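*Asks:* My questions will all concern the structure given below.
The values are calculated or read from the model by the stated rules, or taken from the named source; none is laboratory data. Note that the structure is predicted; figures quoted are calculated from it, not measured. Cβ sites come from the backbone with ideal geometry, for glycine too, and all protein chains shown count toward neighbours.
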Amino acid sequence: MGKLAAYVYHDLATKRSVDYLEFYDKTGHLVMFSWFDRFGIQRNAVDRGILEQKDTLEGIFVIVLDGDSL
């Protein structure tokens, strides 16, 4: 199992403790990020290489909807 590093952003204008997250693999490549849209709905995007269970990242991010399994 690999390691992940996270970047966390908090907008002081919101009541949420975290407004934006980025997750990086151990080599520093962005693998997933999460944010809140203008309606306050949390959105997530994952590198397509992970979703398709490939050995490499593609750099193309796919939005994952509620109920989708990884």
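*Asks:* Can you say whether LYS15 is assigned to a loop (DSSP other than H, G, I, E, B) and modelled with pLDDT of 90 or more, as far as the supplied structure shows? Give the steps one after another, and end with the answer.
*Replies:* On the way: assigned to a loop (DSSP other than H, G, I, E, B): yes; modelled with pLDDT of 90 or more: no.
Spelling it out, it is not the case that LYS15 is assigned to a loop (DSSP other than H, G, I, E, B) and modelled with pLDDT of 90 or more.
*Asks:* Here is a follow-up. Collect the residues in the stretch 3-39 that are on the phi > 0 side of the Ramachandran plot and either surrounded by 11 or more Cβ atoms within 10 Å (Cβ to Cβ) or touching a strand residue (DSSP E or B) at 6+ places or on another chain (Cβ under 6 Å) (or both), keeping them in residue-number order.
*Replies:* Here is the first cut: in the stretch 3-39, the ones on the phi > 0 side of the Ramachandran plot are 28.
Answer for the stretch 3-39, where residues must be on the phi > 0 side of the Ramachandran plot and either surrounded by 11 or more Cβ atoms within 10 Å (Cβ to Cβ) or touching a strand residue (DSSP E or B) at 6+ places or on another chain (Cβ under 6 Å) (or both): there is none.
*Asks:* What is the number of the single condition among (1) at pLDDT 85 or above; (2) surrounded by 10 or more Cβ atoms within 10 Å (Cβ to Cβ); (3) over 12 Å from the mean Cα position of the chain (by Cα); (4) not acidic (Asp, Glu) that THR56 does not meet?
*Replies:* In the conditions (1) at pLDDT 85 or above; (2) surrounded by 10 or more Cβ atoms within 10 Å (Cβ to Cβ); (3) over 12 Å from the mean Cα position of the chain (by Cα); (4) not acidic (Asp, Glu), THR56 misses (2) alone.
*Asks:* Sticking with this one: Residue check: is LEU57 free of Cβ contacts under 8 Å to residues at least 40 places away in the same chain and touching a Ser or Thr at 6+ places or on another chain (Cβ under 6 Å)? Before the answer, list the steps.
*Replies:* Values: free of Cβ contacts under 8 Å to residues at least 40 places away in the same chain: yes; touching a Ser or Thr at 6+ places or on another chain (Cβ under 6 Å): no.
No.
*Asks:* Of everything in the stretch 40-51, what is of a type in the set (Gly, Ala, Ser) and either surrounded by 15 or more Cβ atoms within 10 Å (Cβ to Cβ) or in contact (Cβ under 8 Å) with a residue 24 or more places away in the chain (or both)? Give them in sequence order. Working first, answer last.
*Replies:* Let us first name the residues in the stretch 40-51 that are of a type in the set (Gly, Ala, Ser), namely 40, 45, 49.
Across the stretch 40-51, the qualifying residues are ALA45, GLY49.
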